[in-house]
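Written out below as structure tokens is the structure these notes cover.
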Amino acid sequence: MLKNYLKIAWRNLLRNKSFSVLNIVGLSIGLAVTALILIWINFEVGVDQFHEKKDRIYEVYNEYPIDGEIWTWNSTPKIMGPTIKKDYPEVEGVSRYNYDDTFLFSVDEKRIKSTGTIVDPDFLNMFSFPLIEGNIKTVLEDVNSVVITETFAKKLFGDQPAVGKVVKIDNTDSFKVTGILKDLPNNTGFNFEFLMPWAYLKQKGWNDENWGNNSIATYVLLKGGTDYKAFSEKIKALRKTYDKDSPDMVTFLYPWSRYWLYSEFENGKEIGGRIDLIRLFGIIAAIILIIACINFMNLSTARSEKRAKEVGIRKVIGAEKGSLVGQFLGESILISFIAAVLALLIVLVALPPFKTLVGKPLSLDVMNFWFWLTACGVILFTGMLAGSYPALYLSGFKPSAVLKGTFKKMKSPVTPRKVLVILQFSAAIILITASIIVTQQMKKVQDRQSGYSKNNLIYTMMEGDMEKNYTLIKEELLTTGIAESVTKTNSPITATWSNTWGFEWKGKSEDNMTLVHRFIVDDAITKTMGLELIAGRDFDLKAYPTDSTAAIVNESMVALMNIKEPIGQTIKDNGIEWRIVGVVKDFIMNSPFQKVEPMVIEGAQAWFNVIHIKFNKEAATAKSLAMTEAVFRKYNAEYPFNYEFVDQVYAKKFDSEKRTGKLVSLFTLLTIFISCLGLFGLASYMAENRIKEIGIRKVLGASVQSITKLLSKDFLKLVMIAIVLAVPISWYLMSKWLEEFAYRINISWWTFALAGIFALMIALLTVSYQAIKAAIANPVKSLRTE
Amino acid sequence: MLLQLNNIFKWVNSGGQRIFLLKDINLQVEEGEFISIMGPSGSGKSTLLNVIGMLDTFDEGTYDFLHESVHSLKEKHRANLYKEYIGFVFQSYHLLDDLTVKENLEMPLLYKKFKGSERKAIVADMLDRFNIVGKKDLFPTQLSGGQQQLVGVARALIANPKLILADEPTGNLNSQQSEEIMELFKKLNEEDGVTIIQVTHSEQNAAYGSRIINLLDGRKVEI
């Protein structure tokens, strides 16, 4: 019996090639999209879930009301960890984590920069990062010990055994390699190639016991069986005992296994995090799969008249309803199986680009038992879902009616099929408008004047002897004509690293808590960056030695200060009176999507981290780079020369939005495609169904044109309804989306007009093929079929 | 006695009026009879055949088939009854286009859950008996109308029914093919004792039968 079903199903597929292709392609795309998104979700959900003790690990968080709102954050004082370990017997282990640091490692002549961190010895006991070599109890005991990953060990020592070897770090301290870590898996939020003991930080004098300096992460491992709730109550008032400045700040432990997906707080409550995006795309995947499934149902039931005869015959020769339901379900499961195979191929091909698109190291584990179980589950579920309606509908036919040929479908004004077309096209139109608006917004922001000249501008971080030799380096770069201008700053031009509401100026009101950014530079800032001066002058230490206490402000700052004549005024910060010598036009250092915030550019009093170099525009960039590298090698021999092009760094500011834009476009295309598949199938069904009517009309003298119009009209009406439904929804959704950006486009009516016309055209193209085909057919043939 | 219809009424309501499809039909059929139902278009011939074949219900009256009261049986039970004892032959053959001749013949046996070896033997026997062994792997569309109807009759017979119901079995056939099919019916009736009820327009075909029932506007009439 099963063989018979399969045979019939298979022959049916072959006989109705176009129908089968529509069904299978539509379904396989739906399945593939779902699979890709599931792979992604599976990755995100699995991040850092492999740690054996993850359910007992907590991260220390603080809570504090500011301006009537509760703020929550996770950086802690360095003294927090030891204090907790000392005071609470429930704690099994504590590790501080001094955010990622970059050091220069040298072995003989080899120099490699690497990112890692400084932790307490408990770290390796708490988190499951296994050691390949070394004793977990002692690897981080000694001040000058370092644990490195397998790959990093290979980079440093090649195939030589690494344990026991000595490396020099930042040219100053010698460390002994005490352990080799297995390389970190892809699915962890940690990113380090080496771990050094906290003792080293102490030795360097970087440790402090200041409760006001909240700058590191602290992880706590509770003993098994500890009541988390009770412990939270206990630890809440920790700062009352120790922190004199802010005794009311609440300390709490956040379950660390939730940090990846959640850990976003608003007013003291966890409000989500990455999980939001995951949910959103999960919903999109479900919608695409459901649209594909309903397409399948629709196409199958649309063909029911053809299958009706078969049902009748089978019933007359003895089939029971159950076996017919089984047969049709079997057929749809077969189709979904074929679609799944095709989907698997699509996934294999599409995974690498999808990986790049979402920017995650995703992989498909085909050896995994769960993968196959899920796959089978999805095939069965989809097959059942897509096949259930046609199966029940078809198997319910009365044989006497269908075999007599009197069987005709009822014509109700609202059929599920029409509703589906409307829904599909509403989704398509919403996505089309979303694509248009996202593209417009991106273009607007990308076209936005950054306010400085990014061409021929590079920066490099100050390392090693750069600070000491800065004057020599600058001198040589300028005299050899490599550079037009050189400026050192506290942060790269592409980000501000410092801000405060502590600036004071004449007439500032007491309650003004506006955040003002601080940019610290030595000299010639407008020349190097190409900033536009509105009033006053650039810093020029040669001509004006007092410029080390001068300031340049941007337009927004002038607006904030609310003064007419900024030049000559002073601003107080860090105990220094900064004299304003210039005003520049606003320029974008942070997000180009937001408005430019007030900024004070301070003169050469404070500390520097970055050197900016404006190349001579006459020279080829490659040549300038090579020459610059030679200069740096001369004055900072121990360190490799690393640099960034400012324009490239600036372009990265658009990455996340570009990604969103690409994903939206992708889903738009897929939704349109699947919707068109469905529409195409329905149009062909309609043409077939009305073949007699068309024949009669033609015999009575209707033209091909009028018949095409007649057949297309019905569908276009549905698309029109879809437009009416979709426009307010997409207007609402996109307004919401745009609200996130201070610098944004206004949604204009023509966006919707364009999306609507686009949808109509696509629908028209899809339908008219079938309509014309039906209209030009010979009426004699169609009338004879009755 | 094979079956007995007593005072069968069947109607539909259309525009507030009751239109009778069958009106007070009384009919008794003995085993081994060969009955022809005749009458003009719309007189209720096919409806009567469908009622007898239990494919259609009726609104009033009683129907006994092999001493079972069809009118009081549940749908499923009724289906079992006709599956067991009745074979159908249609004007437009109604073969399954996706299956070969052999597979079409095998179909009813599958639904009756015969074993594979049994099915093979019965199908082979039937192919042989109807002289269509050479056509067994062809699809219905590759056959002529007469050959298709031959397969249709063979399929109706394959499960060994007591009664064959044929709705204008020769309606789509030319005269020579018609004659062949009617001869076949006659042979089945006389040699194998199969009861046959056929609907026909043709006097010539009706003459093969032992009894003629005339219908007019859903009523049995005597001519």
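The values are calculated or read from the model by the stated rules, or taken from the named source; none is laboratory data. In this text, all values refer to a predicted model and were calculated from it rather than measured experimentally. With ideal geometry, Cβ positions are generated from the backbone for all residues, glycine too; neighbour counts draw on all protein chains shown.
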| request: Starting from region A:225-250, take each residue that is under 18 Å from A:Ser75 (Cβ atoms) and list its partners that are among the β-branched types (Val, Ile, Thr) and in a loop (DSSP other than H, G, I, E, B), counting only C-beta distances under 9 angstrom and pairs at least six apart or across chains. | output: A:Tyr242/A:Ile79
| request: Please work out which one of (1) closer than 30 Å to A:Gly383 by Cβ; (2) charged (D, E, K, R); (3) not assigned by TED's automatic domain parsing to the domain that holds A:Ile8 is the condition A:Lys223 fails and give its number. | output: (1)
| Pairs, please: C-beta under 8 Å, at least 6 apart or cross-chain, first residue closer than 20 Å to A:Lys443 by Cβ and in region A:721-747, second among the charged types (D, E, K, R) and in a helix (DSSP H, G or I)? | A:Tyr743/A:Lys444; A:Arg744/A:Lys444; A:Ile745/A:Lys444
| note | Subset of region B:44-66, residues touching a residue at least 60 places away in the same chain (Cβ under 8 Å), surrounded by fewer than 22 Cβ atoms within 10 Å (Cβ to Cβ) and away from chain A (no Cβ under 13 Å), comes to B:Asp64, B:Leu66
| query | Among the helices (runs of 4 or more DSSP H) confined wholly to region A:1-120, which include 3 or more residues that are surrounded by fewer than 19 Cβ atoms within 10 Å (Cβ to Cβ) and either polar (S, T, N, Q) or away from chain B (no Cβ under 14 Å) (or both)? | reply | A:17-46, A:80-87
| query | Residues of region B:104-123 being under 14 Å from B:Val89 (Cβ atoms) and either more than 14 Å from every other protein chain (Cβ to nearest Cβ) or hydrophobic (A, V, I, L, M, F, W, C) (or both), which ones? | reply | B:Leu105
| Any residue in region A:316-334 that is assigned by TED's automatic domain parsing to the domain that holds A:Arg15, free of Cβ contacts under 8 Å to residues at least 40 places away in the same chain and aromatic (Phe, Trp, Tyr)? | no
| said: Here is a check on your reading of the model: is A:Leu392 at pLDDT 80 or above, in a helix (DSSP H, G or I), closer than 30 Å to B:Leu48 by Cα and more than 14 Å from every other protein chain (Cβ to nearest Cβ)? | reply: yes
| Restricting the first residue to region A:612-630 and requiring it to be touching a residue at least 12 places away in the same chain (Cβ under 8 Å), which pairs with a second residue that is exposed (fewer than 15 other Cβ atoms within 10 Å of the Cβ) and part of a helix (DSSP H, G or I) meet a Cβ separation below 7 Å and a spacing of at least six or different chains? | A:Phe615/A:Thr621
| said: Can you find, within region A:212-226, the residue that is farthest from A:Glu92 (Cα to Cα) among those that are modelled with pLDDT of 85 or more and within 31 Å of the chain's Cα centre (by Cα)? | reply: A:Ile216
| request: Identify the single condition in (1) in the same structural domain as A:Thr500 (by TED's automatic domain parsing); (2) farther than 30 Å from A:Lys168 by Cβ; (3) at pLDDT 80 or above that A:Gln605 does not satisfy, given that it satisfies every other one. | output: (3)
| note | Among (1) touching a Gly at 6+ places or on another chain (Cβ under 8 Å); (2) among the hydrophobic types (A, V, I, L, M, F, W, C); (3) crowded, with 21+ Cβ neighbours inside 10 Å, A:Phe632 falls short only on (1)
| task | With respect to A:Trp578, determine if the residue is among the aromatic types (Phe, Trp, Tyr), part of a strand (DSSP E or B) and either surrounded by fewer than 17 Cβ atoms within 10 Å (Cβ to Cβ) or touching a strand residue (DSSP E or B) at 6+ places or on another chain (Cβ under 8 Å) (or both). | result | yes
| Is it the case that A:Glu209 is closer than 30 Å to A:Asp245 by Cα, at pLDDT below 90 and either assigned by TED's automatic domain parsing to the domain that holds A:Phe105 or under 31 Å from the mean Cα position of the chain (by Cα) (or both)? | yes
| Test: residue in region A:301-313 that is farther than 20 Å from A:Asn23 by Cβ, within 14 Å of chain B (Cβ to nearest Cβ), in contact with a helix residue (DSSP H, G or I) (Cβ under 7 Å, 6 or more places away or on another chain) and among the charged types (D, E, K, R) | yes
| query | Among the candidates A:Ile112, A:Ile118, A:Ile169, which residue alone is in contact with a helix residue (DSSP H, G or I) (Cβ under 8 Å, 6 or more places away or on another chain) and more than 30 Å from A:Ser257 (Cβ to Cβ)? | reply | A:Ile112
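Table: residues versus (1) within 13 Å of another protein chain (Cβ to nearest Cβ); (2) modelled with pLDDT under 90; (3) farther than 28 Å from A:Leu6 by Cα.
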| position | (1), (2), (3) |
| --- | --- |
| B:Tyr82 | yes, yes, no |
| B:Asp125 | no, no, no |
| B:Arg155 | yes, no, no |
| B:Ala159 | yes, yes, no |
| B:Ala166 | yes, no, yes |
| B:Glu179 | no, no, yes |
| Which listed residue, of A:Val139, A:Val146, is of a type in the set (Val, Ile, Thr) and in contact with a Phe, Trp or Tyr (Cβ under 9 Å, 6 or more places away or on another chain) | A:Val146
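Quick grid of which residues meet (1) more than 22 Å from A:Leu431 (Cβ to Cβ); (2) in a helix (DSSP H, G or I); (3) of a type outside the set (Val, Ile, Thr); (4) touching a His at 6+ places or on another chain (Cβ under 8 Å):
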| residue | (1), (2), (3), (4) |
| --- | --- |
| A:Phe641 | yes, no, yes, no |
| A:Asp647 | yes, yes, yes, no |
| A:Ser656 | no, yes, yes, no |
| A:Ser675 | no, yes, yes, no |
| A:Lys692 | yes, yes, yes, no |
| A:Ala702 | yes, no, yes, no |
| note | All-but-one check, B:Val101 against (1) of a type in the set (A, V, I, L, M); (2) within 13 Å of chain A (Cβ to nearest Cβ); (3) surrounded by 22 or more Cβ atoms within 10 Å (Cβ to Cβ); (4) touching a Lys or Arg at 6+ places or on another chain (Cβ under 8 Å), failing number (2)
| Out of all the residues in region B:132-144, is one or more of a type in the set (Ser, Thr, Tyr), more than 10 Å from chain A (Cβ to nearest Cβ) and outside any helix (DSSP H, G or I)? | yes
| note | Restricting attention to region A:153-186, the residues that are free of Cβ contacts under 8 Å to residues at least 12 places away in the same chain and buried (at least 17 other Cβ atoms within 10 Å of the Cβ) number exactly 0
| Considering only residues of region A:704-747 that are among the aliphatic types (A, V, I, L, M) and not in a helix (DSSP H, G or I), which is nearest to A:Leu420 (Cα to Cα)? | A:Ile747
| task | Just name the residue that is surrounded by the fewest Cβ atoms within 10 Å (Cβ to Cβ) out of those in region A:453-475 that are of a type in the set (Ser, Thr, Tyr) and over 12 Å from A:Tyr639 (Cβ atoms). | result | A:Thr471
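A quick yes/no check of all residues on (1) in contact with a strand residue (DSSP E or B) (Cβ under 7 Å, 6 or more places away or on another chain); (2) surrounded by fewer than 19 Cβ atoms within 10 Å (Cβ to Cβ); (3) closer than 30 Å to B:Leu3 by Cβ; (4) modelled with pLDDT of 90 or more:
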| site | (1), (2), (3), (4) |
| --- | --- |
| B:Val89 | yes, no, yes, yes |
| B:His94 | no, no, yes, no |
| B:Asp97 | no, yes, no, no |
| B:Lys120 | no, yes, no, yes |
| B:Lys136 | no, yes, no, yes |
| B:Gln142 | no, yes, no, yes |
| B:Gly145 | no, yes, no, no |
